[in-house]
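Visitor: What follows is a single structure, and I will ask about it in a moment.
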Amino acid sequence: MPCIDRPAFLSPRTAVWAGVLGALLVTGCGGPSGQAPGEARGGVPPVVAPAPPAPLPTVKPSPSVTSSRQLPAPTTMRSWNEVRRQAAERLIAANPAITYRGKVPDILLAVPVLEVELNGDGSIRRIEVLREPREAKDTTQIAADAMRRAAPFGDVSRLPRPWKFVETFLFDDSRKFKPRTLDN
């Protein structure tokens with residue numbers, strides 16, 4: 001009578017899986033000769049870290065930006081809310097011909113948003129555009145120039161870094177603006 005018992009240590013299913021596992025191990029360890037570590041294998045692109053985000057656009061001052069108004073000396077602030085409030089008040093005082101204080105119209109011409117980076121003494125280091133309007137793009141430059149006329153904004157060296165604040169400019173149809181900080 002022929003022996004029909006299989007060896008107990010290896011079933012056909014186990015033998016197949018062992019062969020597949022062995023093949024995977026052999027192909028996973030080997031690579032084309034002369035390939036540097038980290039190079040793509042078999043046409044698969046290597047994983048690359050994403051590029052850092054592009055820097056925000058900055059607004060350069062217009063050549064004619066000078067303050068013809070004498071503003072009172074800024075006070076030293078104790079919080080960033082005080083910095084924003086004082087900056088908004090100084091914007092109105094330094095730019096009376098292009099600002100308004102009343103109710104904001106239901107439909108605005110443009111709403112540029114600027115991030116202002118300060119030096120420790122409250123002078124402007126850089127102005128970056130966080131939001132440029134689709135229409136009336138010139139309002140971004142008007143807002144940045146108005147911000148420069150209102151500077152400096154007081155000693156911020158005792159406040160936590162980064163020394164930055166954001167202001168939103170609400171432009172009406174006559175291209176006059178109101179700082180959103182004063183609309184609250």
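Visitor: Which one of these is assigned to a loop (DSSP other than H, G, I, E, B) and either under 23 Å from Lys60 (Cβ atoms) or not aromatic (Phe, Trp, Tyr) (or both): Arg90, Arg126, Arg78, Arg148?
Guide: Values: Arg90 fails: assigned to a loop (DSSP other than H, G, I, E, B); Arg126 fails: assigned to a loop (DSSP other than H, G, I, E, B); Arg148 fails: assigned to a loop (DSSP other than H, G, I, E, B).
From the options Arg90, Arg126, Arg78, Arg148, the qualifying one is Arg78.
Visitor: It is to be established whether one or more residues within segment 113-122 are without any contact (Cβ under 8 Å) to a residue 40 or more places away in the chain and surrounded by fewer than 17 Cβ atoms within 10 Å (Cβ to Cβ). Don't jump to the end; show me each part of the working.
Guide: Of the residues in segment 113-122, the ones without any contact (Cβ under 8 Å) to a residue 40 or more places away in the chain are 121.
Okay, now just the ones that are also surrounded by fewer than 17 Cβ atoms within 10 Å (Cβ to Cβ), so 121.
Within segment 113-122 (the criterion being without any contact (Cβ under 8 Å) to a residue 40 or more places away in the chain and surrounded by fewer than 17 Cβ atoms within 10 Å (Cβ to Cβ)), the answer is yes, since at least one residue qualifies.
Residue-wise test of (1) of a type outside the set (S, T, N, Q); (2) more than 15 Å from Lys176 (Cβ to Cβ).
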| residue | (1), (2) |
| --- | --- |
| Leu109 | yes, no |
| Leu118 | yes, yes |
| Ser123 | no, yes |
| Asp138 | yes, no |
| Arg148 | yes, yes |
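Every residue, every condition in (1) surrounded by fewer than 16 Cβ atoms within 10 Å (Cβ to Cβ); (2) at pLDDT below 95; (3) assigned to a loop (DSSP other than H, G, I, E, B), yes or no:
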{"position": "Ala144", "(1), (2), (3)": "no, no, no"}
{"position": "Arg161", "(1), (2), (3)": "yes, yes, yes"}
{"position": "Val166", "(1), (2), (3)": "yes, no, no"}
{"position": "Lys178", "(1), (2), (3)": "no, no, no"}
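The values are calculated or read from the model by the stated rules, or taken from the named source; none is laboratory data. Just so you know, these numbers come straight off a predicted model, no measurement behind them. Positions of Cβ are generated from backbone atoms using ideal geometry, with glycine treated the same way; all protein chains shown enter the neighbour counts.
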